Amino acid sequence: MELEKEYLRLTSQVQPEDIRPLPILKKAFPFILEKYKKEKLSYQEYLCEQLKAIRQDLTVQRIENEFTILVYETHARIALQNKDLSEFSQCQTRLKDLYSKENNLLNKKK
């Protein structure tokens, strides 16, 4: 399975073979960040699209864990650095929800 994937707006039922599982996403994340830095690729044309595709695969699979938070925090920070307030806002909204769920889980463990 490919590490890189084009972000596509979901307009129909997602096929399971089109979704990267968590182990692949965990490999893809550092890969795309490193490629972006090494090759000095465009934020908008490459990195933003790749991060959105990772976020989409996480969402479709309902994966909500530390890795999901890392992806959203990283994208939010990079979006701010690139003055992309739209992506920052989307990440911030999702992070609020993830933090709330994480706090609820931690409180239940006490």
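Against the criterion of being open to solvent by less than 80 Å² (accessible area, probe 1.4 Å), aliphatic (A, V, I, L, M) and in contact with a Cys (Cβ under 6 Å, 6 or more places away or on another chain), Ala76 qualifies.
One residue is enough: does segment 52-68 have a residue meeting the conditions β-branched (Val, Ile, Thr), closer than 24 Å to Asn104 by Cβ, at pLDDT 95 or above and assigned to a helix (DSSP H, G or I)? Among the residues of segment 52-68, at least one is β-branched (Val, Ile, Thr), closer than 24 Å to Asn104 by Cβ, at pLDDT 95 or above and assigned to a helix (DSSP H, G or I), which makes the answer yes. Of all residues in segment 36-91, those that are among the hydrophobic types (A, V, I, L, M, F, W, C), closer than 14 Å to Glu6 by Cβ and out of contact with any Lys or Arg (no Cβ under 9 Å at 6 or more places or on another chain) total 2. One residue stands out in segment 32-51 among those that are closer than 16 Å to Thr68 by Cα and in contact with an Asp or Glu (Cβ under 9 Å, 6 or more places away or on another chain): the one that is most open to solvent (accessible area, probe 1.4 Å), namely Gln50. In segment 19-31, how many are in a helix (DSSP H, G or I), open to solvent by less than 50 Å² (accessible area, probe 1.4 Å) and either within 13 Å of Ile78 (Cα to Cα) or free of Cβ contacts under 8 Å to residues at least 40 places away in the same chain (or both)? Residues meeting the conditions: 2.
The values are calculated or read from the model by the stated rules, or taken from the named source; none is laboratory data. Not measured: the values here are computed from a predicted model. All Cβ positions, glycine included, derive from the backbone under ideal geometry; neighbour counts span all protein chains shown. The area values use the complete protein model at the heavy-atom level, side chains included, leaving out ligands, DNA and RNA. Shrake-Rupley method; radii C 1.70, N 1.55, O 1.52, S 1.80 Å.
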